[in-house]
1. Before anything else, pin down the relative contact order of the chain: Cα pairs under 8 Å, at least 6 apart, normalised by residue count, whole percent.
2. For the ranges 159-170, 129-140, what's the packing order if you count other beta-carbon atoms within 10 Å of each residue, average per peptide, and put the highest first?
3. Could you give the angle, 0 to 90 degrees to the nearest 10, between helix 167-180's Cα long axis and the longest principal axis of the Cα atoms of the chain?
4. Of 84, 25, 6, which is farthest along the charge dipole of the stretch 1-100 in the positive direction, counting Lys and Arg as +1 and Asp and Glu as -1 at C-beta?
5. Of 185, 43, 57, whose Cα points farthest to the positive end of the dipole of the chain (charges on the beta-carbon: +1 Lys, Arg; -1 Asp, Glu; origin at the Cα centre)?
6. Taking Cα pairs under 8 Å and at least six residues apart, what relative contact order does the stretch 110-168 come out at, in percent?
7. On a 0 to 90 degree scale, rounded to 10, what angle separates helix 9-25 from the longest Cα axis of the chain?
8. Only Cα pairs within less than 10 Å get springs; with that Gaussian network setup on the chain, which residue of 103, 20, 93 has the largest fluctuation?
Amino acid sequence: MARKKLHRPIAAMAKKIREYRALKNRPRESQRFALDYETMRRPLTQKRLPVRAWEGARSENRLFALLCRLPHFGVGRTVTRKSWLWAYDEPCYWVITKVKADYTAENMDHGRAWGYLTFRGKTKEEVREIDKVMYHDWRMVPKHEEEAFKKFTPVPEETIRYLPYPPLLRAMILAQWQKEGKPITEEPMIDLEKV
């Protein structure tokens with residue numbers, strides 16, 4: 001006969017309390033991503049920033065370092081990243097809709113932000129949380145330049161209708177046509193609309 005499992009309410013409550021304390025004692029984002037600019041190490045983990053990132057970390061700003069200076073933490077403003085400006089010709093930016101700052105962080109340069117993403121000229125419809133806010137490459141688009149920065153006329157995409165067959169399949173098709181006695185006047189092509 002199997003023993004009936006006893007309900008132990010005190011043990012269950014103690015487990016919940018331990019989980020709650022572990023949750024409360026976990027490091028905040030401001031502690032995890034803090035950076036000592038002299039040694040280029042994170043104080044919590046003592047991990048060193050890659051050498052290639054040192055110059056950018058010293059001269060560039062995190063997102064919240066920009067937003068904490070603005071009224072209402074920059075809600076309604078446009079921000080972009082330096083890496084996007086270098087990589088893409090199309091406009092890539094976030095329009096900030098909501099900000100939740102970490103008031104316990106030194107200089108209030110940590111927190112979470114949400115907004116509408118426009119990536120390579122295509123705007124997403126839903127509000128999303130902004131990722132990589134702790135990176136040191138954020139730029140604020142000045143108010144008087146926002147309209148010109150957002151202006152974009154999409155270039156019509158070239159759609160390819162036909163593609164050549166792979167060499168072996170092409171040789172097999174040409175051999176089949178020759179066997180059937182068809183005249184070989186054109187190159188066999190794959191019609192992508194039928195596929």
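1. Rounded, it is 17 percent for the chain.
2. Highest mean packing first, the order is 129-140, 159-170.
3. 30
4. Value computed over the given set: 6.
5. The residue sitting most towards the positive pole is 43.
6. Relative contact order here is 24 percent.
7. Tilt relative to the chain: about 80 degrees.
8. Judging by the Gaussian network model, the answer is 20.
The values are calculated or read from the model by the stated rules, or taken from the named source; none is laboratory data. Since the structure is predicted, the reported quantities are computational estimates derived from the model, not experimental observations. All Cβ positions, glycine included, derive from the backbone under ideal geometry; neighbour counts span all protein chains shown. All accessible areas refer to the heavy atoms of the entire protein, side chains included, with ligands and DNA or RNA removed. Shrake-Rupley method; radii C 1.70, N 1.55, O 1.52, S 1.80 Å.
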